[in-house]
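J.: Below is one structure. I have some questions about it.
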Amino acid sequence: MRNVIKKMTTALLLGAVTLTLTPQSAKADQYFDPFGFSSPGDFFFSPPPDIFFPGPYLLPDLIIEDVIFPAHTDKIAFIKVRNIGLARANPSHLSAHNGTGMGLGDTPSLDINQYKWCVLSMNAGASLSECSSITVFKTDTFREVAERDESNNTKIALCN
């Protein structure tokens, strides 16, 4: 029994000495960060600073502002696409889906806050005026552009 008490006392003393000699930044009640990024709060890992990995606020963000249906045809639509993000958006694609089929179009590169009118052509048999419900238009259809907000890429319009 004396041996056990002696070993426990020695272990406690060694632990106290270790904590005394350990730098403040490496103690158990704090997060040890050898690179000095920042304290993560309740998380175990703190991400590196944004200069190495840009955050989502430095990305483009494409939206559809307007859709125009020309009176002379039900096969095309003019789509106004704007980049509301904080970086240049690379070229991408548009799409339209409704009860009669789908259509595709191209979006050029867009600078910050720039917009372009793009042409969307419906596939054979598909129509923008002879559907029984709605048409869903989507920019960046194939997710070619990494965006700040991927959830704002669609616009819904009633069939013309």
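J.: In region 75-110, whose amide N lies under 13 Å from the spot 7 Å out along Cα-to-Cβ of Asp66? List them in ranges.
T.: 78-82
J.: Name the long-range amide H neighbours of Ser127: under 5 Å, sequence gap of 5 or more, or other chain; modelled H, no Pro or chain starts.
T.: Residues meeting the amide H criterion: Thr100, Gly101.
J.: Let me check I've understood the local charge: for Ile64, count other residues with C-beta under 15 angstrom from its C-beta, Lys and Arg +1, Asp and Glu -1. What total comes out?
T.: -3
J.: Quick one: which residues, 5 or more positions from Cys118 or on another chain, have an amide H under 5 Å from its amide H? H modelled 1.01 Å from N in the peptide plane, none for Pro or chain starts.
T.: Result for Cys118 returns Ile79, Lys80, Val81.
J.: Would you mind giving the three semi-axes, in whole Å and largest first, of the ellipsoid equivalent to region 56-158 according to its Cα gyration tensor?
T.: Result for region 56-158: semi-axes of 25, 12, 11 Å.
J.: Tell me, Val81, Val119 in order of fewest to most beta-carbon neighbours within 10 Å?
T.: Val119, Val81
J.: Residues with beta-carbon under 11 Å from that of Ser127, excluding Ser127: net charge, scoring Lys, Arg +1 and Asp, Glu -1?
T.: -1
J.: Could you work out the local net charge near Thr100, counting Lys and Arg as +1, Asp and Glu as -1, over the other residues with Cβ closer than 10 Å to its Cβ? Please report the intermediate quantities before stating the final value.
T.: Values: positive: none; negative: Asp74, Glu130.
So the environment of Thr100 carries a net charge of -2.
J.: Right, next: Within a 10 angstrom radius of the beta carbon, how do Thr154, Thr10, Thr107 rank from fewest other beta carbons to most?
T.: Going from sparsest to densest Cβ surroundings: Thr10, Thr154, Thr107.
J.: Then there's this: For labels at Glu130 and Lys6 in the simple 7 Å Cα→Cβ model, what's the distance in nm?
T.: 9.9
J.: Using θ = phi - 60° and the Karplus form 6.51 cos²θ - 1.76 cosθ + 1.60, what ³J(HN,Hα) does each residue of region 117-130 get, whole Hz, x for Gly and Pro?
T.: 8, 10, 9, 10, 10, 7, 5, 4, x, 8, 9, 9, 10, 9
Every number here is computed from the coordinates shown, using simple stated rules; none is lab data. From a predicted model like this one, the values you see are computed outputs, not experimental measurements. When we count neighbours, we look across all protein chains shown, and the Cβ atoms used for this are built from the backbone with ideal geometry, even at glycine.
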